[in-house]
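Report on the structure given below.
The values are calculated or read from the model by the stated rules, or taken from the named source; none is laboratory data. Given the structure is predicted, the values throughout are model-derived calculations rather than measurements. Every residue, glycine as well, gets a Cβ built from its backbone with ideal geometry; the counts of neighbours run over all protein chains shown. Ligands, DNA and RNA are excluded from the accessible area calculation, which covers all protein heavy atoms including side chains. Shrake-Rupley method; radii C 1.70, N 1.55, O 1.52, S 1.80 Å.
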Amino acid sequence: MQSMESFRQELALIKNQINQKNFKPAFIELCRIATVDADFAVQHRFAKLFASIPSEALELKPIRIGIVPTGTLDNFIGILRFYLARAGLIAEIFVAEFNTLHQTILTPDGPLYTFNPQIIWLCTNYRDISCEILPNTNEEEIARAIQSEVDRFIDLWLALQANCTAIIVQNNADLPSERIFGNFEASIPWSRQNFLRQFNLALAHTSLAHHVHLLDLEYLSAQFGKRFWHDAPYWHYSKHAFVADASGLIALQMAALVQASQGMAKKCLVLDLDNTLWGGIIGDDGLEGIQLGHGLAAGEAFMAFQHYLKQLQRRGVILTVCSKNEESNAKIPFLEHSEMVLKLEDIAVFVANWHNKADNIREIADMLEIGLESMVFVDDNPAERQLVRQMLPMVSVVEMPTDPALYVIALDQSGYFETLAFSTEDQNRGQMYQQNAQRKQTRKHFSNVSDFLQDLHMVAKYGDLHGQNRARASQLILKSNQFHLTTTRYSEAQLERMMTNEAYICRYYCLQDRFGDNGLVSVVLLKQEADVLLVDTWVMSCRVLSRGMEEFIHNDMITQARARGCNSLFGTYIATKKNNLVAQLFARLDYQLIEETEGTSRWRLSIEASTPLKSVLIQAKEE
Amino acid sequence: MDNQRIKIMQRLNRVFQEVFDDENLQINEKTNAKDIEEWDSVEHISLVIAIEKEFTIRMNAAEVGKLQNVGGIIDLLIGNQG
């Protein structure tokens, strides 16, 4: 468990913010550092700091919760309030007198009902189930005894429902630590351990039919660790049914449940790609370089995370992608990596560009026609997370651990996708959003791209290679892997020879935009053979992909061909491990495929028949 | 006051400040529940737990309840460490 030491600095800063009345940023930061792994003293501090913030300063939805406990919750309530606020709710809480379960529920004009709660939480524990089974009792009698205990709870639920319309939450039994028969209890139906297990199952079989929602106290106690959860001194001296240190865990879970009951559970995940769905950066490391798949520790961790996400998707959670990448790069692993668990069709909206993520998330929400408050953002980069937290406070942001092996549990324990019901409709709803979004995307995508490109104010400078850019041109040819059709490797000296050779046309292209000068971004080497122009080399920097440069350069090549009286352009694509990106480039530019052998394709473009391709919004300056 | 007591008092003071969310709080040997408004029976338990965490000990809440004041808590803590 993490103690005060780990939090003092951050808590002091938050306290400072509150003193200066910067309530919203203080609260955002408090929610960021809050973790169920912090001990009671820290949770108590979270609660106190939250309590010192005037709730009007935060945009929280009011909720009234009535709690009927069989253990003392005095030190827990403040912590529950904080986690409810973190879930977007400001709670008025009524707590019934300790150990008055029946009296409270069976008094129709009693304080529980006059409080008019929206949620009633029966905060019971294993001690409330009578388990007086003698050794060797037969299965029938055990079943009868269990049913009798379940019936006692059903009676309480019926009484509650006769008196109000509140949503009922019922704890199941947290199995105790001590076992009279030791390990043997696992093998016998009449042991207390198994009696309580069967009781929990019997409760599960009937609760939903009674419109009652179980809080899985057994799971929480196991998750926390029963050896700590059951604290006998604190039970005997002050009737704490669970150790105070578990307060954060229980509070977060209950808050998530309440959130779901109010229709406020999350619907959609926004996922980063690099170092979130795979290790490494696809644009730099390429398909071969990213970590994903069997045999490598990090690769397996990412695969497990994808597998978890896939299951969420199957459940009806909408998956979307928001990545800072060239879209074509971002899609490569989805399309071509053999160990990729998630496929493109699992992703309802796929956004990969260089815009800031807050704007992109707004767009995704728009496209899906869901509120920002339905979204959960997952990104390994703390800076991106902080940007989204600050600009879109209604979007939940998971505080991701640095080790990808811990991604699954971090997301799982966040409690953002709780639900009180599930139907095939829910499953299908996810698909429906997806299809809707895809429709919208094809409509919107085009205008978006050209808006973006127009916004860039691009200017291309180009011409024949000369002495001053020869070095840079050679460098580009030597180091490019992705956008390189023939993977030629020419030194400066070799380039110089070509530049002075009449048969060669050596062209360079530079691109500037609003954000800066990209410098020399592409080199094309054409060789004339009779009335045909061969594309010996075409390299381009990946930084300027899909901005219209491909079309622009293509048009220039046609111009060169015409100037020399050539009737065709011949292109060759030689496949390597890294240049799959351009496998279909010639097709895209309306070349005809002449022949395709293993790893090589040859293409032809008739100059007569060709028309210049539209190159979006690049102003040109020939030099 | 000897060195050990002073050190414990400083740490205890910080615990009190954190539990009662008051960075200006200054306790002394005589401080008791009557001196701090929020120090009721519920916060008493929060305080005990926080002290247990800070000094890595288990205290008997009933024992602590019987103590008259902060001085008594320090005695208990010293007793535990000795």
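Here is how the numbers come out for the structure above:
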{"quantity": "Sites A:Glu399 and A:Phe228 - FRET efficiency at Förster radius 22 Å, r taken between beta-carbons, to 0.05", "calculated": "0.40"}
{"quantity": "Shielding by other protein chains, A:240-247, mean Cβ within 10 Å", "calculated": "2"}
{"quantity": "Order of exposure, largest accessible area first, which applies to A:His355, A:His457 with probe 1.4 Å", "calculated": "A:His457, A:His355"}
{"quantity": "Average accessible surface area per residue within region B:5-82, 1.4 Å rolling probe, Å²", "calculated": "52 Å²"}
{"quantity": "Around A:Ser568: net Lys/Arg minus Asp/Glu count, Cβ-Cβ under 11 Å", "calculated": "-2"}
{"quantity": "Gain on full stretching of the segment that runs from A:Gln435 to A:His307 - 0.36 nm per residue minus C-alpha separation", "calculated": "43.9 nm"}
{"quantity": "Sites A:Ala186 and B:Asp40 - FRET efficiency at Förster radius 41 Å, r taken between beta-carbons, to 0.05", "calculated": "0.40"}
{"quantity": "Residues with amide H under 5 Å from that of A:Ile67, placed H, sequence gap 5 or more", "calculated": "A:Phe94, A:Val95, A:Ala96, A:Trp121"}
{"quantity": "Threshold 20 Å², region A:70-90 residues less accessible with all protein chains present than alone (1.4 Å probe)", "calculated": "A:Asp74, A:Asn75"}
{"quantity": "Spin-label pair A:Glu336/A:Tyr219, simplified geometry with 7 Å Cα→Cβ offset, distance in nm", "calculated": "4.1 nm"}
{"quantity": "Area hidden from solvent between A and B (accessible, protein heavy atoms only, 1.4 Å, total, Å²)", "calculated": "1800 Å²"}
{"quantity": "Backbone HN-Hα couplings from phi across region A:241-246 [Karplus 6.51/-1.76/1.60, Hz, Gly and Pro as x]", "calculated": "6, 9, 5, 4, 4, 7"}
{"quantity": "Test item: B:44-53 mean partner chain Cβ contacts at 10 Å", "calculated": "6"}
{"quantity": "Euclidean distance between Cα centres, region A:16-36 to region A:330-402, Å", "calculated": "24 Å"}
{"quantity": "A:Glu139 accessible area, 1.4 Å probe, all protein chains in place, Å² to nearest 10", "calculated": "120 Å²"}
{"quantity": "Shielded by partner chains, region A:23-49 residues - at least 10 Å² of accessible area, 1.4 Å probe, vs chain alone", "calculated": "A:Asp39, A:Phe40, A:Ala41, A:His44, A:Arg45, A:Lys48"}
{"quantity": "Solvent exposure, largest accessible area first (probe 1.4 Å, DNA, RNA and ligands not counted), of B:Leu25, A:Leu80", "calculated": "B:Leu25, A:Leu80"}
{"quantity": "Accessible heavy-atom area order of A:Glu529, A:Glu326, highest first, probe of 1.4 Å", "calculated": "A:Glu529, A:Glu326"}
{"quantity": "Accessible-area value, A:Lys239, 1.4 Å probe, nucleic acids and ligands omitted, Å²", "calculated": "70 Å²"}
{"quantity": "Reduction of at least 50 Å² in accessible surface, 1.4 Å probe, comparing all protein chains with the chain by itself, residues of region A:207-234", "calculated": "A:Tyr234"}
{"quantity": "Euclidean distance of C-alpha centroids, region A:482-528 and region A:123-192, integer Å", "calculated": "78 Å"}
{"quantity": "Extended-chain gain in nm, criterion 0.36 nm per residue less alpha-carbon gap, A:Ala383 and A:Ser177", "calculated": "69.8 nm"}
{"quantity": "Chain A - mean residue ellipticity at 222 nm from DSSP helices (-39,500 (n - 2.57) per run, n ≥ 4, rounded to 500)", "calculated": "-13000 deg cm²/dmol"}
{"quantity": "Where labels lie 7 Å past Cα in the beta-carbon direction, separation of A:Glu492 and A:Ile90 in nm", "calculated": "6.9 nm"}
{"quantity": "Segment A:Leu106-A:Ser148, extension gain: residue separation times 0.36 nm, minus the distance between their alpha carbons", "calculated": "13.2 nm"}
{"quantity": "Percent carbon-and-sulfur accessible area, chain B, ignoring ligands, DNA and RNA, probe 1.4 Å", "calculated": "47 percent"}
{"quantity": "Whole-percent carbon and sulfur share, accessible surface of chain A, 1.4 Å", "calculated": "50 percent"}
{"quantity": "Among A:179-185, A:593-599, the order from most to least packed when residues are scored by Cβ within 10 Å on average", "calculated": "A:179-185, A:593-599"}
{"quantity": "Residue-count net charge about A:Ala260 - beta-carbon cut-off 10 Å; Lys, Arg +1, Asp, Glu -1", "calculated": "0"}
{"quantity": "Neighbourhood charge, 14 Å Cβ-Cβ cut-off, centred on A:Leu80 and excluding it, Lys, Arg +1 and Asp, Glu -1", "calculated": "+2"}
{"quantity": "Surface accessible to a 1.4 Å probe, A:Asp531 within the full protein complex, Å²", "calculated": "70 Å²"}
{"quantity": "R0 of 60 Å, Cβ-Cβ distance A:Glu608-A:Asn138: FRET efficiency to nearest 0.05", "calculated": "0.05"}
{"quantity": "Rounded to 10°, Cα long-axis angle of helix A:40-51 versus longest principal axis of chain A", "calculated": "80 degrees"}
{"quantity": "Per residue solvent-accessible surface (Å²) - chain A, probe of 1.4 Å", "calculated": "45 Å²"}
